[in-house]
Structures are given as C-alpha cells and as structure tokens.
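The values are calculated or read from the model by the stated rules, or taken from the named source; none is laboratory data. Since we're looking at a predicted model, the values are computed, not measured. Every residue, glycine as well, gets a Cβ built from its backbone with ideal geometry; the counts of neighbours run over all protein chains shown.
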Amino acid sequence: MPQDAAQICAELDRDGFAVVRGVFSADEVAALSAATDALLARLRGLGPGEHDVDGAHVVISGQGSVARVVWAAAADPTLDAFSRDRRLLALASMALGGREFDQLISQLHPKLPGDEVDFDWHQDAVHRRFGTEAWTDVDGRGSYLQTLVAIDACTADNGPALFVPGSHRLGSLPHRDDRTLDPSRFDVASAVPALLQPGDVAIFGPFAIHGSRPNDSSGPRRVFVSGFALPGANHRTYPGRGAGRRVVLASADSQPPALCASPPAAPGADRSK
C-alpha cells in the first residue's frame, strides 16, 4: 500500500470512507483512460434506456448521456483487469478480512461536461438490498467495500463524490422508493468532496452516505468503481456477464497487516431496507 494501513483504517473507521493516494501509476491510468474512451466510442448513438453491449449493462439517461456502464469488465479486457487488480483486492482484504470476495460491481461512471449526470444521496446498502433476503451481513459490519478509482482529477467543480463523514455510524437507513435518502435525515452541510488525483482510490463501506452533483467543468470526471462482498453475503444476480464472480487475492501478494475495525451499525439503526 502506498500509505500506512493504520492511517487508512483510521480514516475508514472515523469517517466511513478513506482516500488512498497514488495506488495506480501514470502509465496505468493512461491505459485505463484509453480503454474507457474506446468503450465510450462504442456506445455513441445508443438511445435512452438500458442496453447490453458485449455483456456490459449500459444505462443511457433521458438526455442521451452515458449515466453508467454496469459491469464494464465484460466489454474490455483492460477494464476487466483493473476492476479486480490485486491492489483493490488488498484494500478489500484490509477492510473486510480474508482473501476471497464476490465481485458485484465493475462500473464506469464517465460524467462528461454538460451531461447533467448526478447521483442523489444514498447508501450502497440499499443497492445491495441490505436487510432483505437478498443480503446476509455475514460479519455484522456490512460485509461490503466499494472502491472508486480516479481516471481524471476529481475537483470541486466537476462533480466529485461527496461523503457525509461519520454517517456510517447511523447504520442502514430507510430509503425512498427511488432508493435515495431524505436529506432531512442527516447533516447535508457536513458533506465533503473526495478530491482525487488520477490513480488515487476512494474506499467506503455500505453505510457511508454519499452522492454527487453534475459536472460543471470543461473536462471529464471519469471514475471506475469496483465493489467486493464477503462470500455468503450476496444472494442476488447482478446485471452483466460475469457479475458476482469470485476473486482471490493471491497468497504471494502483499496484504495490509491488520483488519480495519469499522464499527457495526449504531444500536437500534433501521435495517428495514
């Protein structure tokens, strides 16, 4: 790890998210950027709605913008390799323990200038179906870690991910029918942006409240998202060819020395959704 594991764990435990600097090199980011652009070029001309493109599940907004590419790993071998890179698996191992995970997410979020794509406030727990028969919290701490790799710099004006520090201690909150949170349930004003340089990685658990605004800059804000669950947690089939595959951190790979002690949901937290 390019940073001390204890520091990463301390941030994750305190805030519900952490930023890990310089995980990928400039050359690696350039390869990721090229693969991203090549995939986006293949998606030009798709109309609003959901599409299958070589096993990837593509969501086009009503304005014709690429909202996200779900399970992008199926559509490109470079994206496939990045989505299960050993360094991301090492972060999952540090946060969750163990070396084997079910990879549920391999998403590309392009967020280009003027596309008006944003993500309202939510916890990933709602998308994992936490509190239903589709999810078992096998470790009592959420059993899931999401990683967000910056392809471009994430700046204050290009729609960076916004996190509410400490919101993970609220546990799984009830969401509205559209799987967004009522902002009166938490302190929106305390939200902070994850300002990233290319190659940095933001990591967060399923209870961290987050969202993002549209990209108001003149350049892209592309990020690549991977999500890992402890085996036995997920009981749902995700869209995309190969989604939910088992990934393993090889024993020869380095592993951070200690499991992060992220606290469980707050006593009495609503786990109904």
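Details
- Every residue from the range 127-166 that is surrounded by fewer than 21 Cβ atoms within 10 Å (Cβ to Cβ) and within 16 Å of the chain's Cα centre (by Cα): His127, Arg129, Leu162
- Looking only at the range 39-63, residues that are closer than 13 Å to Ala75 by Cβ, of a type in the set (Val, Ile, Thr) and either modelled with pLDDT under 95 or in contact with an Asp or Glu (Cβ under 9 Å, 6 or more places away or on another chain) (or both) come to 1 in all.
- Enumeration of residues in the range 168-219 that are farther than 12 Å from Leu148 by Cβ and of a type in the set (Phe, Trp, Tyr): Phe186, Phe207
- Residue among Ser106, Ser93, Ser33 that is hydroxyl-bearing (Ser, Thr, Tyr), more than 25 Å from Gly219 (Cα to Cα) and either part of a loop (DSSP other than H, G, I, E, B) or within 19 Å of the chain's Cα centre (by Cα) (or both): Ser93
- Among the residues listed as Asp4, Asp27, the single one being closer than 26 Å to Leu162 by Cα and free of Cβ contacts under 8 Å to residues at least 24 places away in the same chain: Asp4
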